[in-house]
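Here's the structure we're looking at; comments come further down.
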């Protein structure tokens, strides 16, 4: 028992089982968290974590086809899905309480006993290539990829999580199986369950099929390399009705105690309809429909970015206005009222999420895999409340340096020359 908020059991093979009791709910969410993602891939393996995630839905000896897997969960009104990111791959199911055993059986079978049939790999390879192609029809996604490639060149953080058409086309069944055997081992996995269920029942449902799974030696992630000493601009020409741009700086890792201050800066600047960027660029200047900011945190690195989509004729003006707002926070910080509002918004979002079993399962599994421990919501609320105006000004002063900013633009331009003076 961990402070009566959740339970943790580590099986003899290193697999961690966490559960959070939510007695007032009627659902149970089960999440399988694997410590692998695109940051664990060599250039030749780019996209392999994501392709493998797809393949785990394609059959096991017990359930040889994809429909046999999906129908077991969907047939009782449940949800079965997965996602791959840079540092985690997650498989999850959410079902009515009475179907917990079914969800646990399906997920444990998928992660331990996937067939990885050659014909399914070839079909899913085509599906992933189509998924990658869809990005080319979405300028807002293109600019994300372009920004990462410019901030983190020649390393996993700068690649699309799904890889590229070339890298995915070159992946073999042998390399896929090697990666599966290396990364999908019990001591690199956490299973998190939330709902109206007892911990002993969870341990029994997980320990039965996975308790005799042999340990392994998973590979580690490739560390981030940040050698940026000057401003960078990248442009992709595309005939679009809007110009899409992002302005970013290198930020803070998920392990940095100042990450909460940076998250609050993002709320003040670019989250919600009362944030600074929305008021200045949309309400006052009518430059755009969508403008927002976000902070990304990784194990050893991070970023902070502002995004907007605007009339191509006004993109330089909009980017300049966004930079002005960053400069104001760097020079003057934020007001006590803005910081208080940002704190209340952040805490409200967090606490409302904690009423959903899927969110609580994610809270447990994500923190356990990334941090090696789980903070309670109250502990995070206290960390948010502890951020001061001086912290905000200090972090903004450290990070919001135009001379080390990166700008990515997708739009009907032949070069980025018109944007270059903004970063001087």
| note | Cα extents of the stretch 232-423 per principal axis, largest first, Å, are 49, 33, 29
| request: Mind giving me the FRET efficiency for residue 274 and residue 355? R0 is 30 Å, r the Cβ-Cβ distance, nearest 0.05 is fine. | output: 0.75
| request: Note down the Stokes-Einstein diffusion coefficient of the chain in µm²/s, whole number, using a Kirkwood radius over alpha carbon pairs, 25 °C, and 0.890 mPa s. | output: 106 µm²/s
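Give the percent of DSSP beta bridges with both residues in the stretch 276-397 that are antiparallel, rounded to the nearest 5.
So the antiparallel bridges amount to about 100 percent of the total.
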| query | For the chain, what is the percent of antiparallel DSSP beta bridges, rounded to the nearest 5? | reply | 80 percent
| request: Would you work out if the stretch 116-248 is rounded, prolate or oblate? Take a ≥ b ≥ c from the square roots of the eigenvalues of the alpha-carbon gyration tensor; rounded if a/c is under 1.5, else prolate when a/b is larger than b/c, oblate otherwise. | output: prolate
| task | Between 132, 352, 171, find the one with the highest GNM mean-square fluctuation for the chain; connect C-alpha pairs within less than 10 Å. | result | 352
| field | Hull-based mean projected area of the stretch 125-184, where the convex hull spans the alpha carbons, in square nanometres | value | 4.7 nm²
| How do 404, 16, 285 line up, fewest other C-beta atoms within 10 Å first? | 285, 404, 16
| said: What does the C-alpha gyration tensor say about the overall shape of the stretch 14-100? Classify as rounded when a/c is under 1.5, otherwise prolate if a/b is larger than b/c, or oblate. | reply: oblate
| Among 126, 328, 284, residue whose mean-square fluctuation peaks in a GNM of the chain (springs only between Cα atoms under 10 Å) | 284
| said: At 7 Å along Cα-to-Cβ for each site, give me the label-to-label distance between residue 127 and residue 290 in nm. | reply: 2.6 nm
| Sorted by mean Cβ packing within 10 Å, highest first, what order do the peptides 184-197, 135-148 take? | 184-197, 135-148
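Please give the contour-minus-distance gain from residue 255 to residue 141: 0.36 nm per residue of separation, less the Cα-Cα distance, rounded to one decimal in nm. Write down the numbers at each step before the final one.
On the way: separation 114, 0.36 × 114 = 41.04 nm, distance 2.71 nm.
Between residue 255 and residue 141, full extension yields 38.3 nm more.
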| query | Pairing the Cα long axis of helix 389-399 with the longest principal axis of the chain, what angle in degrees results, from 0 to 90 and rounded to the nearest 10? | reply | 80 degrees
| query | Helix 118-135 versus the longest principal axis of the chain: what is the Cα-based angle in degrees, 0 to 90, to the nearest 10? | reply | 20 degrees
| request: Obtain the nm distance between the two label points defined at residue 417 and residue 12 by a simple spin-label model: each point lies 7 Å from its Cα along the Cα-to-C-beta direction. | output: 7.2 nm
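So for the stretch 7-210: antiparallel DSSP bridges make up what percent, rounded to the nearest 5?
Here the share of antiparallel DSSP bridges comes out near 80 percent.
Hey, what does the equivalent ellipsoid look like for the stretch 7-210, semi-axes from the Cα gyration tensor as sqrt of 5 times each eigenvalue, largest first, whole Å? Present the calculation step by step, with values, prior to reporting the outcome.
Numbers: eigenvalues 188, 66, 59 Å².
Working through the eigenvalues yields semi-axes of 31, 18, 17 Å.
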| Ranking of 79, 310 by count of other Cβ atoms within 10 Å, fewest first | 79, 310
| note | Final fewest-first order of 222, 419, 245 on the 10 Å Cβ neighbour count is 222, 419, 245
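Values in this text are rule-based calculations from the coordinates and carry no lab data. Everything numeric in this text was worked out from a predicted model, so none of it was measured. Neighbour counts are summed over all protein chains in view; Cβ atoms, including those assigned to glycine, are modelled from backbone coordinates with ideal geometry.
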